[in-house]
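Everything on this sheet refers to the single structure shown next.
The values are calculated or read from the model by the stated rules, or taken from the named source; none is laboratory data. Here the structure is a predicted model, which means the values were calculated and not measured. Note that we place each Cβ from the backbone using ideal geometry, even for glycine, and neighbour counts take in every protein chain shown.
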Amino acid sequence: MRYFREKDALPIALACGVLLMLGWFTLTIAQLEQNSTQAESDLTQASVPVLMYHHLLPQDALTGMFADNNVAVSVEQFTQDIATLKAQGYHTISLRQLDDFVQGKEELPGKCVVITFDDGYLSNKIYAMPVLREAGYTAVIFALTGWIEEHPQEFRAAGLQYLSWPEIKEMKDTFQFASHTDNLHELSWNGKGKLTTVSEGELTEDVARSVKKLQGTQYFSYPYGHYNDIAKRVLAQEGIQLAFTVEPVNVRAGDDPLTLGRWDMYQYSIEDVLAQRRQ
Ligand SMILES: [Zn+2]
């Protein structure tokens with residue numbers, strides 16, 4: 001069966017050619033626009049993603065209490081996240097630089113990211129440190145200082161060990177250490193972090209103790225991301241400049257420095273997070 005006669009072929013071919021040209025032109029313009037938007041945001045980043053991890057274990061060790069547990073991300077996933085950041089030209093910045101950015105004092109050139117770990121697990125040293133060093137990256141550990149050990153512990157994948165003070169000293173070229181309270185990492189009867197239910201006096205003592213053990217820090221992350229106005233006031237009084245929640249949003253200039261967002265990397269993929277950059 002013939003769908004069109006031969007003498008119709010030329011006008012049809014011409015019409016197709018014109019349509020193709022128009023299509024190509026439109027696509028090219030769209031591409032140019034996209035490229036220029038990307039070039040602009042590469043020069044000055046509008047917002048900074050802050051990534052949050054906790055414990056790391058090899059995929060085949062994510063069994064028992066660590067199977068589908070949001071405290072643990074696989075070493076393989078972490079390594080891939082870092083490789084993706086590296087391949088896309090991201091560099092890590094310190095919390096001091098992030099502080100300047102939030103206050104509008106500093107524009108951040110290029111693509112910046114902050115990598116954080118909560119609690120202070122030994123697995124951060126065993127698995128994260130070599131990957132970060134290889135990439136030339138730095139990260140932050142928000143340590144639950146009351147749980148940090150006096151002496152290094154033996155690593156056992158079946159348990160959950162904390163870092164020790166001598167190890168923390170040795171890790172300072174890769175990690176900046178900050179506070180995750182001294183000993184307020186519990187949920188209260190109402191399902192809220194203990195930090196929001198203890199008295200103001202008890203909270204002040206806990207934060208002061210944690211800051212002192214770290215020989216002074218201006219940075220803090222709220223256990224479970226729970227906070228209230230009293231907690232913010234206490235942190236400010238104790239000299240904390242930046243405090244992090246678990247709200248999944250990038251950090252922007254002008255944000256409230258005591259309620260900055262972070263991306264839980266158990267829940268979100270690195271692709272999800274980086275897609276937020278231009279928003
Ligand atoms: Zn925690």
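Structural remarks
- Residue in the range 181-192 that is surrounded by the most Cβ atoms within 10 Å (Cβ to Cβ), counting only those that are over 27 Å from Thr92 (Cα atoms) and of a type outside the set (A, V, I, L, M): His185
- Ala178 meets each of the listed conditions (1) closer than 21 Å to His55 by Cα; (2) buried (at least 19 other Cβ atoms within 10 Å of the Cβ); (3) at pLDDT below 95 apart from (3).
- Candidates are the residues of the range 91-125 that are free of Cβ contacts under 8 Å to residues at least 60 places away in the same chain and under 14 Å from the mean Cα position of the chain (by Cα); the one that is surrounded by the fewest Cβ atoms within 10 Å (Cβ to Cβ) is His91.
- Scan the range 226-248 for residues that are within 14 Å of the chain's Cα centre (by Cα) and touching a residue at least 40 places away in the same chain (Cβ under 8 Å) and the total you get is 2.
- Flag for Val246 being within 14 Å of the ligand (Cβ to nearest atom) and under 30 Å from Gln276 (Cα atoms): yes
- From Val207, Val234, Val211, residue being of a type outside the set (Gly, Ala, Ser), at pLDDT 95 or above and out of contact with any strand residue (DSSP E or B) (no Cβ under 9 Å at 6 or more places or on another chain): Val234
- For the range 239-261, residues that are of a type outside the set (S, T, N, Q), under 20 Å from Gly110 (Cα atoms) and surrounded by 20 or more Cβ atoms within 10 Å (Cβ to Cβ) total 1.
- Pairs where the first residue, in the range 184-204, is within 14 Å of Lys232 (Cα to Cα) and within 16 Å of the ligand (Cβ to nearest atom) and the second is polar (S, T, N, Q) and modelled with pLDDT of 90 or more, C-beta under 8 Å, 6+ apart: Leu195/Thr181; Thr196/Asn228
- Candidate set from the range 205-226 (those that are away from the ligand (no atom under 14 Å from the Cβ) and hydrophobic (A, V, I, L, M, F, W, C)); member that is surrounded by the fewest Cβ atoms within 10 Å (Cβ to Cβ): Ala208
- Evaluating Glu271 against the criteria (1) free of Cβ contacts under 8 Å to residues at least 40 places away in the same chain; (2) surrounded by fewer than 17 Cβ atoms within 10 Å (Cβ to Cβ); (3) more than 16 Å from Asp99 (Cα to Cα); (4) acidic (Asp, Glu) leaves one unmet condition, (1).
- Screening the range 31-150 for strands (runs of 3 or more DSSP E) wholly inside it with 2 or more residues that are within 16 Å of the ligand (Cβ to nearest atom), modelled with pLDDT of 95 or more and of a type in the set (Gly, Ala, Ser) returns the ranges 139-143.
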